[in-house]
1. How do the pairs read when you match residues in region 60-71 that are part of a helix (DSSP H, G or I) with residues anywhere that are buried (at least 16 other Cβ atoms within 10 Å of the Cβ) and of a type in the set (Ser, Thr, Tyr), using Cβ under 8 Å and keeping only pairs 6 or more apart or on different chains?
2. So which residues in region 72-96 are without any contact (Cβ under 8 Å) to a residue 40 or more places away in the chain, part of a loop (DSSP other than H, G, I, E, B) and of a type outside the set (Ser, Thr, Tyr)?
3. Taking the stated definitions as given, is Lys185 charged (D, E, K, R), assigned to a helix (DSSP H, G or I), more than 21 Å from Glu64 (Cα to Cα) and modelled with pLDDT of 85 or more?
4. Restricting to region 188-211, what's the tally of residues that are surrounded by fewer than 15 Cβ atoms within 10 Å (Cβ to Cβ) and in a loop (DSSP other than H, G, I, E, B)?
5. Do we have Leu49 as within 25 Å of Pro104 (Cβ to Cβ), assigned to a helix (DSSP H, G or I) and not polar (S, T, N, Q) here?
6. Within region 1-31, which residues are acidic (Asp, Glu) and without any contact (Cβ under 8 Å) to a residue 24 or more places away in the chain?
Amino acid sequence: MLIVDDDALVRAGLEMMLGQFDDLTVVGAISDGAEVLPAVNSLHPDVVLMDIRMPLIDGLTATEQLRARRDPPEVIVLTTFDTDRHIRRAMRAGASGFLLKHTPPAQIARSIRLVAAGEPMLSPDVTRRVMAFAAEPDGDPRRDEAQRLLGRLSDGERAVAVLVGQGRTNSEIGRELLMSTATVKAYMSRILTKLELTNRVQVALLVRDAE
């Protein structure tokens with residue numbers, strides 16, 4: 001994984017903390033969002049741990065730039081700032097996780113493993129707030145657009161997307177719809193292509209917007 005944080009003590013602390021897990025490897029640690037694309041090109045991390053506030057390019061902008069690339073690594077936003085504005089922008093930018101820096105080390109490690117495997121990971125508080133984004137007054141202009149986009153999906157794809165919107169994992173979706181995990185992953189790939197999205201968190205937000 002690649003650590004991106006402008007605080008040298010935080011970078012060192014994360015490297016030390018994550019170094020205790022045998023299955024996780026820190027390939028680099030950098031101090032600004034402006035360094036992300038070159039670092040990803042040279043180090044090829046599977047997951048990027050991204051701070052938000054940095055001097056040149058902030059972590060949310062860096063996430064948008066990174067996720068717009070072909071075959072980008074997964075991004076977990078790891079920050080002290082958890083305003084709804086930051087959470088919403090991070091999720092729509094394509095981040096697969098959003099955790100606070102006081103999250104216990106074991107949970108951060110678990111989150112890295114999950115997003116590397118294609119599963120989203122949000123802290124419980126952030127999950128509640130993401131789900132609340134859909135609970136906005138009728139007439140939200142996003143609703144019609146979300147429903148139009150979901151209309152691109154086949155019945156089977158839409159069934160998978162709805163369960164993604166409920167926060168189900170691939171294995172849970174497979175059990176619900178009597179599919180293998182490989183089939184669910186194939187459906188997810190087609191869903192992302194048709195909806196022009198980059199990860200399942202964005203699919204979940206779109207499903208919520210359409211409700």
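1. Cβ pairs passing all conditions: Arg67/Thr198.
2. Matches in region 72-96: Phe81 only.
3. yes
4. Going through region 188-211 one residue at a time, the tally reaches 2.
5. Details: within 25 Å of Pro104 (Cβ to Cβ): yes; assigned to a helix (DSSP H, G or I): no; not polar (S, T, N, Q): yes.
No: the conditions fail for Leu49.
6. Scanning region 1-31 gives Glu15, Asp22.
The values are calculated or read from the model by the stated rules, or taken from the named source; none is laboratory data. This structure is a prediction, so every number in the text was calculated from the model and none was measured. Backbone-built Cβ (ideal geometry, glycine too); neighbour counts: all protein chains shown.
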